[in-house]
Amino acid sequence: MLTQLSLFLENRPGALSEACKVLKDAGVNIRALSLADTQQFGILRLLVDDPAKGKAALTADDFVVKENKVLALGVPDCAGGLAELFAVIDRLELSVEYMYAFAAGNAGRAVIVFRFTDQEAAVKKLSSENIEVITQAVLAGK
C-alpha cells in the first residue's frame, strides 16, 4: 500500500498553488494528484515521492494533512485495460470508495490509485490474482 496525503484546502484562489509551492520548496515531487471540491473547501489527494517529508513540510506551513493508505495498481495502457481490471474487482466483490489515474512515463501501463472500503481485504484478494501492485519505491522512481 502507498501513503496518500490528503489536504483540506479553502476554496479560494491561490490555495492550491500554496500547497504545491510548499512541496516544491521542500524538494518533494508530486507523482499523482486528485482534487475534489465543494463550495467551501477542497480535498487535495497527493501521492508524493517522500510522504513523510511532504507531510512534515505541509504541516509546518499550517496545512491540515491526513494520511490514508491506498493501492496503486498497474493496468495495460490500452483500450479495455481498465475494463479488464474492473472485471477482476467485481468478481472479487471489492467496493471502491474513490479512484484516480495517471499514465505518462509508465512504459505502456497506466496506474490506477484505489481506496477500497476494506483495504486489507483488497490487498489479499488482488495479490492472489497477479494484479501489479505499485510500491512506494516504484512510485518514487527508484
For this session: Check whether at least one residue in segment 110-122 is outside the structural domain of Ala36 (by TED's automatic domain parsing), closer than 17 Å to Ile30 by Cβ and surrounded by fewer than 16 Cβ atoms within 10 Å (Cβ to Cβ), and report yes or no.
Result: no
Exercise. So which residues in segment 107-142 are farther than 20 Å from Phe86 by Cβ, free of Cβ contacts under 8 Å to residues at least 60 places away in the same chain and not acidic (Asp, Glu), if there are any at all?
Worked result: Ala107, Ala137, Val138, Lys142
Problem set entry | Looking only at segment 12-35, and only at residues there that are touching a Lys or Arg at 6+ places or on another chain (Cβ under 8 Å) and closer than 23 Å to Phe114 by Cβ, the one that is surrounded by the most Cβ atoms within 10 Å (Cβ to Cβ) | Val28
Exercise. What number of residues in segment 107-142 are in a helix (DSSP H, G or I) and either among the acidic types (Asp, Glu) or closer than 11 Å to Leu2 by Cβ (or both)?
Worked result: 6
Exercise. Before we move on, is Gly42 touching a helix residue (DSSP H, G or I) at 6+ places or on another chain (Cβ under 8 Å) and over 30 Å from Glu132 (Cβ atoms)?
Worked result: yes
For this session: Could you list, in sequence order, all residues of segment 36-71 that are loosely packed, with under 14 Cβ neighbours inside 10 Å and under 12 Å from the mean Cα position of the chain (by Cα)?
Result: Glu67, Lys69
For this session: With a cut-off of at least 1 residues that are at pLDDT below 95, of a type in the set (A, V, I, L, M) and under 20 Å from Val111 (Cβ atoms), name the helices (runs of 4 or more DSSP H) lying wholly within segment 1-100.
Result: 81-91
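The values are calculated or read from the model by the stated rules, or taken from the named source; none is laboratory data. Note that the coordinates shown come from a computational prediction; the quantities given were computed from them, not determined experimentally. A quick note on method: Cβ atoms are made from the backbone with ideal geometry, for glycine too, and the neighbour counts reach across all protein chains shown.
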